[in-house]
Amino acid sequence: MYGAEPAESERTAFRRAEKRYKLYKTPNPKSRKKLTHRTTDLSDVVDFHSILQSFERSGDPPPGIYGFQCPGFNRPVFCFADRPGFYFIPSALTVEEQCHWIRESLTTFPQPPNRTSLTAIYGPIADLFDAAQNQKVLIETKSLAADIEHETKNGENSLHTSKYIFSEAPDDARRGESCKPIAASVLLQKLRWSTLGLQFDWSKRNYDVSLPHNKIPDALCLLAKKMAVPAMSSREEFQPEAAIVNYFGPSDMLGGHLDDMEADWSKPIVSISLGCKAIFLLGGKSREDNPIAMFLRSGDIVLMAGQARECFHGVPRIFTGDEHADVATLLSHFSDKDNCCFMDYIRYSRININIRQVN
Ligand SMILES: O=C(O)CCC(=O)C(=O)O
């Protein structure tokens, strides 16, 4: 699911589009040391926020795009004439809702038993965001390591036990520490994904129902069910069973891929964007098809169902920095003392929560 196939030719239309939009750093002519971002021509990138504004004024979307009418769904939805099954809901979430889901994505979602990109290396680690705010460090403890060895020998599953814990500072590190402490803030920067509900096993590229998991939080389920309506038949309700939360740092990208591990592709993936603006590429059923590039902003929701589930897609670029990130309103909501840690994170990051019905 993640990253392009290794054998993929650099010459496919999808790859060319990725290269066109990805972030390039070039030497800054004004300073010998600093790198600057190479300017990218964004004139072909579809901007549903300006489309919405002119649609509300004149009722006319641009050629190839139409407003989708869905009884009982009282917000604007746009579709591409040549990408059936893809739905774009601009500004689907209020700023308060965006702030709520950013907080949850950083504090609650990466908590065990949910697995994260760090679990395979460190085992389950709790309270990462809090530890990063409090300048804690992760240390390995020999005594716990011995416990784990004992448990494993006795046939118990050591997946639930962590031999790593957060400690106040390197000096306070417990005796028995056997490796260099790692700052929680560094680990937070390395956090790439967490999984909710049924846990996705990246090595097997499948859902592993035997892994311990909690149900997707009710509020997220409700939101996904509500937002999935345009892509569902009127007789059925979307059943959220799993979610992947992606965390993007300034130079991260998500290579072109298909999400094909769910049983019923007629059901949508509900994909929520939070934080910095990104470019999303929606290709066709072959990597040779020219992808459509569009901006995804905080609060936008995208649905991919039916034929759109067979379309390659990816995120070649996120925009950070005050000029292009489009997060000013969000930052002002996070500016009070209790929330400035979220502001510091989201100013340079993007979060995507994509919710799936697996069976
Ligand atoms: O970040 C996004 O908007 C897309 C995420 C995605 O395609 C995925 O997780 O499969």
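The values are calculated or read from the model by the stated rules, or taken from the named source; none is laboratory data. Worth saying up front: this structure is predicted, and the values here are computed from it rather than measured. All Cβ positions, glycine included, derive from the backbone under ideal geometry; neighbour counts span all protein chains shown. Each accessible area value is taken on the protein alone, full model and side chains, heavy atoms only, with ligands, DNA and RNA left out. Shrake-Rupley method; radii C 1.70, N 1.55, O 1.52, S 1.80 Å.
Could you please give the count of residues in segment 259-308 that are in a loop (DSSP other than H, G, I, E, B) and either within 15 Å of Gly85 (Cβ to Cβ) or open to solvent by less than 10 Å² (accessible area, probe 1.4 Å) (or both)?
The first filter runs over segment 259-308 and keeps only residues in a loop (DSSP other than H, G, I, E, B), leaving 259-268, 276-277, 283-291, 297-300, 305.
From what's left, either within 15 Å of Gly85 (Cβ to Cβ) or open to solvent by less than 10 Å² (accessible area, probe 1.4 Å) (or both): 259-260, 262, 264-268, 276, 283-285, 289, 299-300, 305.
Result for segment 259-308: 16.
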- Message: Condition first: more than 22 Å from Leu211 (Cα to Cα), in contact (Cβ under 8 Å) with a residue 40 or more places away in the chain and touching a Cys at 6+ places or on another chain (Cβ under 8 Å). Can you find one or more residues in segment 262-274 that meet it?
- Response: no
- Item | Within segment 193-230, tally of residues that are open to solvent by 20 Å² or more (accessible area, probe 1.4 Å) and either among the acidic types (Asp, Glu) or under 17 Å from Asp259 (Cα atoms) (or both) | 11
- Message: Taking the conditions exactly as written (within 10 Å of the ligand (Cβ to nearest atom), assigned by TED's automatic domain parsing to the domain that holds Arg38 and hydroxyl-bearing (Ser, Thr, Tyr)), does Ser298 satisfy them or not?
- Response: no
- Subset tally (residues that are within 16 Å of the ligand (Cβ to nearest atom), in contact with a Phe, Trp or Tyr (Cβ under 6 Å, 6 or more places away or on another chain) and not in a strand (DSSP E or B)) for segment 310-348: 3
- Message: If a residue counts only when it is touching a His at 6+ places or on another chain (Cβ under 8 Å), which strands (runs of 3 or more DSSP E) contained entirely in segment 20-136 have at least 1 such residues?
- Response: 25-27
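Would you be able to tell me the number of residues in segment 88-102 that are surrounded by 17 or more Cβ atoms within 10 Å (Cβ to Cβ) and either without any contact (Cβ under 8 Å) to a residue 60 or more places away in the chain or out of contact with any Gly (no Cβ under 7 Å at 6 or more places or on another chain) (or both)?
Pass one, segment 88-102, residues surrounded by 17 or more Cβ atoms within 10 Å (Cβ to Cβ): 88-93, 98-99, 101-102.
Add one more test, that the residue is either without any contact (Cβ under 8 Å) to a residue 60 or more places away in the chain or out of contact with any Gly (no Cβ under 7 Å at 6 or more places or on another chain) (or both), and what stays is 88-90, 99, 101.
Total meeting the criteria: 5.
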- Output the qualifying pairs, or none if there are none: Cβ atoms under 7 angstrom, residues six or more apart or on different chains, first residue in segment 208-224 and under 15 Å from Glu97 (Cβ atoms), second residue among the aromatic types (Phe, Trp, Tyr). Ala224/Phe238
- Pairs with Cβ under 6 Å, 6+ apart, first in segment 237-258 and within 16 Å of Tyr345 (Cβ to Cβ), second assigned to a strand (DSSP E or B) and open to solvent by less than 50 Å² (accessible area, probe 1.4 Å): Val245/Ser194; Val245/Ile353; Asn246/Trp193; Asn246/Asn352; Tyr247/Ile351; Phe248/Ile318; Phe248/Arg350
- Message: With the structure loaded, tell me whether Met253 is open to solvent by 50 Å² or more (accessible area, probe 1.4 Å), within 15 Å of the ligand (Cβ to nearest atom) and at pLDDT 95 or above or whether it fails that test.
- Response: yes
